[in-house]
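The values are calculated or read from the model by the stated rules, or taken from the named source; none is laboratory data. All figures in this text were calculated on a predicted structure; none of them were measured in a lab. FYI the Cβ positions are ideal-geometry reconstructions off the backbone, even for glycines, and counts take in every protein chain you see. Protein only, heavy atoms only, side chains kept; ligands, DNA and RNA dropped before computing areas. Shrake-Rupley method; radii C 1.70, N 1.55, O 1.52, S 1.80 Å.
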Amino acid sequence: TDSTELDGPAYAWEDLSVMGFEVSLSNDEVAMVDLYFDFWFYGERYTQVGIQANGSLSFSADGLTNYNECLPWSGDPQTLIAAYWDYLYPAIQGTIRYLTTGTEPYRVFVAEWADIYNISGAGHADFQIVLYETTNEIEIHYMDVSSPYNPYNYGGQATVGLQGATDWYLEYSCFEQALVDEMAIRFGTCLEGSPDADGDGFEECHDCDDTDATVFPGAEDLCDDGIDSDCRGDLEETEVDSDGDGVSECGGDCDDEVATTYPDALEECNGVDDNCDGAVDE
């Protein structure tokens, strides 16, 4: 499903610019990284994933060629999550990052291609792949896939889809302008007619707590309640202490990106409300 459908995923962008780990990749290179949880893909269990320069994840260390094809793909790697398989060249422009967040059994792995250059000179792309522990769902989120050159606009020269082998694959689009800015695609394994025990409109395999009707994908995640209401795999963003100063935004940190700013901090004469009391340099 995609975000144009009623039961599709909502577009969201996880900011990895502060906490994410960067990987440096050149032409057709791959970096193997730990997921920190078990992820099942086409019946096989994996604990590592390969971040490909050419807009994809794989479950092997084989480098994916820049000459993309429609699925099924007969070359290596055979296992493939293609978010935007095209001739991308991060060594020229852009950043690739990844991060695992959340707590067992609902951890989330996010890989990000930000401002990635297309070798054809047809602009850049910004997108993320999200892997969910336990549900084994896969989401792709596209922030910007527009291009000043029409053949490349909205994924017009890219391949999008999944492959576990040449006879196990699911293609979303190939050489087709099927993507738009701020959209999301979800790949899951829910069978039609799966039970919805709490009646919140989400089947058990999409719902991280099918006994609580207030918990479901897209629900409001309340601050400091300790519940992952939106099933994103972590608590509401403001429950996280981003700058590591011991106080979260929910706890009253008025600037959770600066570790010297928090309630009861020493107020310096610097034009900043260091102690979050609403006054500056008092």
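Given the conditions (1) surrounded by fewer than 20 Cβ atoms within 10 Å (Cβ to Cβ); (2) assigned to a loop (DSSP other than H, G, I, E, B); (3) modelled with pLDDT of 90 or more; (4) at negative phi, and given that residue 173 satisfies all but one, which numbered condition is not satisfied? Against the list (1) surrounded by fewer than 20 Cβ atoms within 10 Å (Cβ to Cβ); (2) assigned to a loop (DSSP other than H, G, I, E, B); (3) modelled with pLDDT of 90 or more; (4) at negative phi, residue 173 comes up short only on (2). Looking across region 30-76, the residues that are more than 20 Å from residue 109 (Cα to Cα) and not small (Gly, Ala, Ser) come down to 62, 64, 65, 66, 67, 68, 69, 70, 71, 72, 73, 76. Just wondering, is there one or more residues in region 23-44 that are on the phi > 0 side of the Ramachandran plot, within 19 Å of the chain's Cα centre (by Cα) and open to solvent by 40 Å² or more (accessible area, probe 1.4 Å)? Yes, some residue in region 23-44 is on the phi > 0 side of the Ramachandran plot, within 19 Å of the chain's Cα centre (by Cα) and open to solvent by 40 Å² or more (accessible area, probe 1.4 Å). Taken over region 96-138, the residue count meeting the criterion of being assigned to a strand (DSSP E or B) and farther than 15 Å from residue 209 by Cα is 26. Taking the listed residues 76, 7, 2, 86, the one that is crowded, with 21+ Cβ neighbours inside 10 Å, within 25 Å of residue 168 (Cβ to Cβ) and among the acidic types (Asp, Glu) is 86, with no other qualifying.
Cβ-Cβ distances below 8 Å connect the following pairs, each with a first residue in region 91-118 that is over 20 Å from residue 184 (Cβ atoms), a second residue that is at pLDDT below 90 and in a strand (DSSP E or B), and a separation of six or more residues or different chains: 92/117; 93/117; 93/124; 94/117; 94/124; 117/124; 118/124.
With respect to residue 147, is the statement that it is assigned to a strand (DSSP E or B), among the hydroxyl-bearing types (Ser, Thr, Tyr) and crowded, with 18+ Cβ neighbours inside 10 Å true? Here the answer is no, as residue 147 does not meet what is asked.
Looking only at region 34-79, residues that are among the aromatic types (Phe, Trp, Tyr), touching a residue at least 40 places away in the same chain (Cβ under 8 Å) and under 23 Å from residue 24 (Cβ atoms) come to 1 in all.
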